[in-house]
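Okay, structure first, notes after.
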């Protein structure tokens, strides 16, 4: 199963402050560990939201609204992510616990989210029923 | 922390740490079975302590220290004559406390590599190699292995016990082979990983078309190997092949569990991330600057399919050339049959048919339904409908897949339809 380890933004990351060399080294070491364990799929750091764009749909069925950053609520923003493939939820938590405190001054927060699998969607009885109905329809059309 | 959740956490940690633990311990005590016992003893102690003390900051080091202490205990006990296990007594003389101290730090990558070469040793049968590798390098339980292979748990347990005994009896050294031997032994390691992957990918038995656990374990082990054997192009080739094949894992089965062939798969659902990783691995293989081996060639073929938006858009000329290189390197009738398909797509059905006809009477393809199926397809494209219908019906008789049978019979009927004189 795949998990995304989401590193939340902080006032520093939003200000575009670069992390200390010490933290960069620790992160690099951690990423190497993930690679050596064969669990790392992808990892990226994001630029501050001042360089971001937000698209929202305030009216149902209405036109989208495009707003340029920065956005204010730092805790709800993300500063980076690491995608891992693991065998269990506990393993994902263990890896997340081994990540260095991502900012190092008291605002660090990592959120773990499981990625949907196509199988998760496929095993859903509704989707399966819809698929089956569609198949039947196609069969009938073919016979007709 | 509750006992149950501590248990699950310890399981996860075991999976993350046990291969390294067992690898280092094997170097110390020179007996993989004993090493596994020591590592497991450490886990048992952890399961008792951790619910009370909490999980230590560095659980891997904690387990290592605990296992090491067990090893020293046993060593001392053996020295004073309390020879509890005969096996231990035999090995007691082989290692000293200094060995154990020295083994705790240092690069574990080399030990892991030695362990892979040990569990994939040619002294073991293919089945035993796979089971032992899943157990010691992937940290799977015998129950998980048994379920993945749809066999009874005691069978797997026995297989593993016997494998460990064989390694001991034959005195297989814990080392990375060198020189000429390295090439052969590495091929054996890659074969084990690819067998594992394929068992998961195309499930030779049972109702499930794919068993993802085995694919994931093989992929993970391949990625680990790519880091500890970075200079081996075929390691990257195998990883590339598995990444790209795994990218299609989710599009290979329809809702009813029926297989979907490559040409009919919904390419929009292919996992772009895995494809990208596959291309990167293939690039790593190429960058080492040696001639592409069989895995790298197969990965290159898989890459051609992965970057094509449709069957028509596929670079068949390149695929045909890659199959030719593969056939030269490691000839097999199945590779030839694949080459025939690629050649027909690249240069026309008549050229493909020549290759297929050369395979006529090939003993290993006698009951292989894809031979008449491909031949029928090519004949149909050439307008030789009578012969085509015969081949397609023959293929329908041979396949064990119900849906495929229907498909083949449908196309045979289409051919016969074309043979009827026009009524206009």
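Mind ordering B:379-392, B:122-135 by average Cβ neighbours within 10 Å, highest first?
In decreasing order of mean packing, B:379-392, B:122-135 become B:122-135, B:379-392.
I'd like to compare A:31-38, B:25-32, B:47-54: which one has the highest average count of other Cβ atoms within 10 Å, and what's the full order after that?
In decreasing order of mean packing, A:31-38, B:25-32, B:47-54 become B:25-32, A:31-38, B:47-54.
Pulled fully out, how much extra length does the chain show between residue B:182 and residue B:162, if you take 0.36 nm times their separation in residues and subtract their Cα-Cα distance?
Full extension of this stretch gives 4.7 nm more.
When a/c is below 1.5 the answer is rounded, else prolate if a/b is larger than b/c, else oblate, so apply that to region A:2-116 with a ≥ b ≥ c taken from the square roots of the Cα gyration tensor eigenvalues.
On the way: a/c = 2.52, a/b = 1.44, b/c = 1.75.
Oblate.
Any idea what diffusion coefficient chain B gets from Stokes-Einstein, in µm²/s, Kirkwood Rh on alpha carbon pairs, 25 °C, 0.890 mPa s? Don't skip to the answer; put the middle values down first.
On the way: Rh = 24.4 Å.
Roughly 101 µm²/s, to the nearest whole number.
Could you tell me which of rounded, prolate or oblate describes the protein assembly as shown, using a ≥ b ≥ c as the square roots of the eigenvalues of the alpha-carbon gyration tensor, with rounded for a/c under 1.5 and, failing that, prolate when a/b is larger than b/c and oblate otherwise?
Oblate, since a/c reaches 1.5 and b/c is not below a/b.
If I model a spin label as a point 7 Å beyond the Cα along the Cα-Cβ vector, how far apart are those points for residue B:357 and residue A:111 in nm?
Placing both labels 7 Å beyond Cα along the Cβ direction yields 6.6 nm.
Just subtract the alpha-carbon distance of residue B:268 and residue B:418 from 0.36 nm times their residue separation and send over the number in nm, one decimal. Before the final figure, lay out each step's value.
Working: separation 150, 0.36 × 150 = 54.00 nm, distance 3.48 nm.
Gain on stretching residue B:268 to residue B:418: 50.5 nm.
Taking a ≥ b ≥ c as the square roots of the Cα gyration tensor eigenvalues, with a/c under 1.5 meaning rounded and otherwise prolate when a/b beats b/c, else oblate, which class fits region B:172-331?
Values: a/c = 1.96, a/b = 1.34, b/c = 1.46.
Since a/c reaches 1.5 but b/c is at least a/b, the shape of region B:172-331 is classed as oblate.
Ratio of alpha-carbon Rg to the 2.2 N^0.38 Å globular estimate for region B:230-314, to two decimals, please.
Details: Rg = 13.5 Å, N = 85, 2.2 N^0.38 = 11.9 Å.
After normalising by residue count via 2.2 N^0.38 Å, the value is 1.13.
Per-residue Cβ counts within 10 Å, from other chains only, averaged over A:32-45: what number is that?
Per-residue shielding by partner chains comes out at 4.
Alpha carbons only, please: Rg and Dmax for region B:109-216, in angstrom.
Just the Cα atoms of region B:109-216 yield Rg and Dmax of 13.9, 44 Å.
Within a 10 angstrom radius of each residue's Cβ in B:220-233, how many Cβ atoms of other chains show up on average? Whole number is fine.
2
Taking region B:147-202 on its own, what percent of its Cα-Cα pair distances exceed 13 Å? Show your work: numbers first, answer last.
On the way: 1125 of 1540 pairs.
Tail of the P(r) past 13 Å holds 73 percent of the pairs.
By count of other Cβ within 10 Å, fewest leading, how are A:6, B:301 ordered?
A:6, B:301
Within a 10 angstrom radius of the beta carbon, how do A:66, B:235, B:335, B:343 rank from fewest other beta carbons to most?
With the fewest neighbours first, A:66, B:235, B:335, B:343 line up as A:66, B:335, B:343, B:235.
Which whole number gives the average, over all residues in A:86-98, of C-beta atoms from other chains lying within 10 Å of the residue C-beta?
Working: counts 5, 12, 5, 2, 10, 8, 1, 3, 8, 2, 0, 4, 5.
Neighbouring Cβ atoms belonging to other protein chains average 5 per residue here.
Would you order B:295, A:57, A:81 from fewest to most other beta-carbon atoms within 10 Å of each residue's own beta-carbon?
Details: B:295 27, A:57 10, A:81 17.
Arranged by neighbour count, lowest to highest, B:295, A:57, A:81 become A:57, A:81, B:295.
None of the figures in this text is laboratory data; all of them are computed from the coordinates on show. What you are looking at is a predicted structure, and each value in this text was computed from that prediction instead of being measured. Glycine also receives a Cβ, built like all others from the backbone with ideal geometry; neighbour counts cover every protein chain displayed.
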